[in-house]
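Data first, discussion second: the structure below is written as structure tokens.
No lab work stands behind these numbers, since they all come straight from the coordinates. Nothing here was measured: the structure is a model prediction, and the numbers come from that model. As a convention, Cβ positions derive from the backbone with ideal geometry for all residues, glycine included, and neighbour counts pool all protein chains shown.
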Amino acid sequence: MLIIYVEERTVSIGKSPQVILHLHPPSQNQQPGPVQRSPNSYVKLSFKEGGKTNFYECLHSALNRKLWEQFTPQTGPVKPPVVKTRTGIVGIERTLQERQKETTKNISKAFEDLNKLMEMARDMVLLSKTISTKIREKQGDISEDETIKFKSYLLSLGIDDPVTRGTHGTGASFHRELARELSSFVEQPLKDVGGVMALTDVYCRVNRARGFELLSPEDLLNACKMLEHLCLPVRLRVFDSGVMVLQLTSQNEEELVEHTVKMLEDNSSLTAEELSQHIGLSVVMAKERLLAAEKFGGACRDDCVEGLRFYPNMFLLRSCDDFSD
């Protein structure tokens, strides 16, 4: 140990406190340092911005513990770390090749996991359809409502064999098959939500059901444009506001308007948010139903600071005598 003892010195006002380390004289076999000889056998540490007390206590505690005496040196020769040195273009090319091999290995391993997951997903969908078929054939033990509900849970797991460009080609043939798949998939969900669903909601549902075979918005739109041409039970409709929806072809527009007008009469007035809560539709679809009712003359709007509110068209509901009174 080089330090004999530590001295704490308090100086006068205007000068910094000091800690003095008294040292042993250098040994004869010591390697030369920056200074060959020194007349002083101590080192002064000055603390201009505080911290002298903490430093003194920590150093004094470390000298008393003498942890360096408890250190056991390693036995045997110490092997220096192997450092690969590669210079020039050849070394750089080899380094890049090794990195590319490692990246390819990691990607291949990741895709193996994805393939296993896709195989399990297909098996689960097939299992759900098998159970659904058996429930359809079974009678007596399960009620009809429970059967329908359970079947909907199973079928919502996904599409077992989605249409892809690899299996059905490209261009118009792919979009035709995709339109048929889309129609069969969304027909029942459309019936559950009143016959109309925004195209954004359809996009989310279809891609969630397709698993890893995701569709682009462009492919979905091109398939939807072929629905009516193929005489399928679902068609694409574009409202005057530009909102695109999928709608059942069996849906009667006049019945929807009458139902919306009836809701307005029962509630005196409605906003799109309030109507969406009453009938369980999105705010966008509720607003389109109110605009359709206005277009057919069954509603009037009040566009004020508080927002857009619709009222029943009292000019049609009341006779001329009522207004003259």
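Values for this structure:
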| read-out | value |
| --- | --- |
| Karplus-derived HN-Hα couplings along the range 235-247 (A = 6.51, B = -1.76, C = 1.60, θ = phi - 60°), whole Hz, x at Gly and Pro | 9, 8, 10, 10, 6, 4, 6, x, 5, 9, 9, 9, 9 |
| Value of relative contact order over the range 156-242, rounded to a whole percent, pairs C-alpha under 8 Å and six or more apart | 35 percent |
| Relative packing of peptides 305-315, 60-70, 198-208 - highest average C-beta neighbours within 10 Å first | 198-208, 305-315, 60-70 |
| Peptide ranges 247-257, 291-301 listed from the most packed, as the mean C-beta count within 10 angstrom indicates | 291-301, 247-257 |
| Highest to lowest packing among 221-229, 164-172, scored as the average C-beta count within 10 Å | 221-229, 164-172 |
